[in-house]
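Student: Below: one structure in structure tokens.
The values are calculated or read from the model by the stated rules, or taken from the named source; none is laboratory data. Quick caveat: nothing in here was measured; it's all calculated off a predicted structure. Cβ sites come from the backbone with ideal geometry, for glycine too, and all protein chains shown count toward neighbours.
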Amino acid sequence: MQRFETYLNENLPKAASFHPVYEAALGDMLKAGGKRFRPMLLLSIVDVYEPMLYNSALPVALALEMFHTYSLIHDDLPAMDDADLRRGHKTLHKRYDEVTAILAADALNTDAFLCISKAPLREDIKIKLVMLLAQNGGGQGMVLGQAIDCYFENKPLDIEQIKVLHTNKTAKLIAASLQMGAVIAGLDAKMQKALYDFGIDFGLLFQIQDDIIDETQSEEEAGKPTGNDGDKNSFINLLGLEKSIEEADDLAKDLQRRFETFDEKLQEALRPLITKYLYRHQ
């Protein structure tokens with residue numbers, strides 16, 4: 001974690017100009033902290049299988065964090081969640097203005113792919129990484145999930161539709177992080193698919209847990225506004241708190257079982273992250 005944090009702070013986006021706040025805005029939400037969950041998934045796999053490639057994978061891990069951060073900045077905008085707080089700090093549109101927030105997020109989105117393109121990895125590997133991030137983060141993935149989420153606010157969905165929503169909005173980028181680590185480490189297609197499928201269900205668990213946290217924790221405990229999901233298609237609103245906790249527990253147990261079928265190296269790589277988040281809703 002510290003290696004990545006140091007790398008991130010030494011490689012914040014730069015765009016020197018006479019604009020008074022633009023360059024600062026690019027880095028503010030990156031510096032504000034967060035779980036760094038997606039880059040840690042990628043780096044953990046690379047570190048255990050191909051530690052010599054760890055430094056080469058750092059730009060790709062940074063790209064994931066930049067892409068994720070862009071999505072959070074947009075998610076917080078008045079047109080979406082209209083949030084005042086993110087990671088315990090003022091959201092970007094509150095700190096500056098809405099235009100600055102939109103443009104800083106746009107820049108982080110595009111610059112994420114620039115980071116991958118500059119990574120000291122083989123060209124075919126970088127093309128595959130760009131494809132995975134675009135496929136899972138773009139119009140067929142995270143953006144689709146966000147579109148469904150916004151369009152169907154105040155329009156209740158059924159449980160399968162909610163799973164489609166959150167598979168796209170949350171789970172695909174988590175699954176892509178695991179597969180991208182496997183691609184850099186040279187793992188075979190079967191293992192890449194197993195990790196991706198595991199990541200999809202782990203991402204769904206992550207979202208159910210977020211819904212539980214929104215219902216049960218204060219703004220100070222969560223580091224972001226809570227209790228704001230009343231109009232959203234959340235697991236809590238459909239299933240209720242008790243059933244959502246049951247759903248999370250069942251999914252966590254299934255993921256634990258599948259995790260234990262991975263080889264020892266992979267278990268060693270991912271155990272600290274997986275065990276930390278499997279039951280965080282409890």
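Student: Going through D81, D97, D76 one at a time, which residue ends up being surrounded by fewer than 19 Cβ atoms within 10 Å (Cβ to Cβ) and either closer than 13 Å to A32 by Cβ or of a type outside the set (S, T, Y) (or both)? Walk me through how you get there before you give the answer.
Tutor: Values: D81 fails: surrounded by fewer than 19 Cβ atoms within 10 Å (Cβ to Cβ); D76 fails: surrounded by fewer than 19 Cβ atoms within 10 Å (Cβ to Cβ).
D97 is the lone residue from the list that is surrounded by fewer than 19 Cβ atoms within 10 Å (Cβ to Cβ) and either closer than 13 Å to A32 by Cβ or of a type outside the set (S, T, Y) (or both).
Student: Of all residues in the stretch 125-154, which are acidic (D, E) and either in contact with a His (Cβ under 6 Å, 6 or more places away or on another chain) or not in a helix (DSSP H, G or I) (or both)?
Tutor: Looking only at the stretch 125-154, we keep the residues that are acidic (D, E), and these are 149, 153.
E153 - this is the single residue of the stretch 125-154 that is acidic (D, E) and either in contact with a His (Cβ under 6 Å, 6 or more places away or on another chain) or not in a helix (DSSP H, G or I) (or both).
Student: If you check L12 against the conditions, is it of a type in the set (A, V, I, L, M, F, W, C) and buried (at least 16 other Cβ atoms within 10 Å of the Cβ)? Don't jump to the end; show me each part of the working.
Tutor: Working: of a type in the set (A, V, I, L, M, F, W, C): yes; buried (at least 16 other Cβ atoms within 10 Å of the Cβ): no.
The answer is no for L12.
Student: Can you confirm whether the stretch 243-251 contains a residue that is among the β-branched types (V, I, T) and more than 22 Å from the chain's Cα centre (by Cα)?
Tutor: Kept after step one, since they are among the β-branched types (V, I, T), are these residues of the stretch 243-251: 245.
Of the ones still in play, those that are also more than 22 Å from the chain's Cα centre (by Cα) are none.
No - not one qualifying residue is present in the stretch 243-251.
Student: Here are the criteria: (1) of a type outside the set (S, T, Y); (2) within 20 Å of E246 (Cα to Cα); (3) touching a helix residue (DSSP H, G or I) at 6+ places or on another chain (Cβ under 6 Å); (4) modelled with pLDDT of 95 or more. Tell me which single one I213 does not satisfy.
Tutor: (4)
Student: Additional query: Kindly list, by first and then second residue, each pair from a residue in the stretch 48-60 that is surrounded by 16 or more Cβ atoms within 10 Å (Cβ to Cβ) to a residue that is aromatic (F, W, Y) and at pLDDT 95 or above, limited to pairs with Cβ atoms under 9 Å and residues at least 6 apart or on different chains.
Tutor: Pairs found: L58/F4; L58/Y7; P59/Y7.
Student: With (1) of a type in the set (D, E, K, R); (2) touching an Asp or Glu at 6+ places or on another chain (Cβ under 6 Å); (3) surrounded by fewer than 16 Cβ atoms within 10 Å (Cβ to Cβ) as the list, and R86 as the residue in question, which single condition is left unmet?
Tutor: The one condition R86 does not meet is (3).
Quick grid of which residues meet (1) closer than 19 Å to G138 by Cα; (2) at pLDDT below 95:
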| residue | (1), (2) |
| --- | --- |
| E23 | no, no |
| G34 | no, yes |
| I45 | no, no |
| V48 | no, no |
| Y70 | yes, no |
| L77 | yes, no |
| R86 | no, yes |
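Student: Out of I127, I174, I184, which single residue is among the aliphatic types (A, V, I, L, M), under 24 Å from L77 (Cβ atoms) and either at pLDDT 95 or above or buried (at least 16 other Cβ atoms within 10 Å of the Cβ) (or both)? Spell out the reasoning first.
Tutor: Working: I127 fails: under 24 Å from L77 (Cβ atoms); I184 fails: under 24 Å from L77 (Cβ atoms).
On inspection, the qualifying residue turns out to be I174.
Student: Still on this model: Considering only residues that are more than 13 Å from D263 (Cα to Cα) and touching a residue at least 60 places away in the same chain (Cβ under 8 Å), which ones fall in the stretch 177-197?
Tutor: Listed by number, the residues that qualify are S177, L178, M180, G181, A182, I184, A185, G186.
Student: Can I ask one more? Kindly establish whether Q179 is assigned to a helix (DSSP H, G or I), at pLDDT below 95 and crowded, with 22+ Cβ neighbours inside 10 Å.
Tutor: Working: assigned to a helix (DSSP H, G or I): yes; at pLDDT below 95: no; crowded, with 22+ Cβ neighbours inside 10 Å: yes.
No, not satisfied.
Student: Which condition number does N154 fail, the rest of (1) at pLDDT 95 or above; (2) over 14 Å from the mean Cα position of the chain (by Cα); (3) polar (S, T, N, Q) being met?
Tutor: Result: N154 fails condition (1) only.
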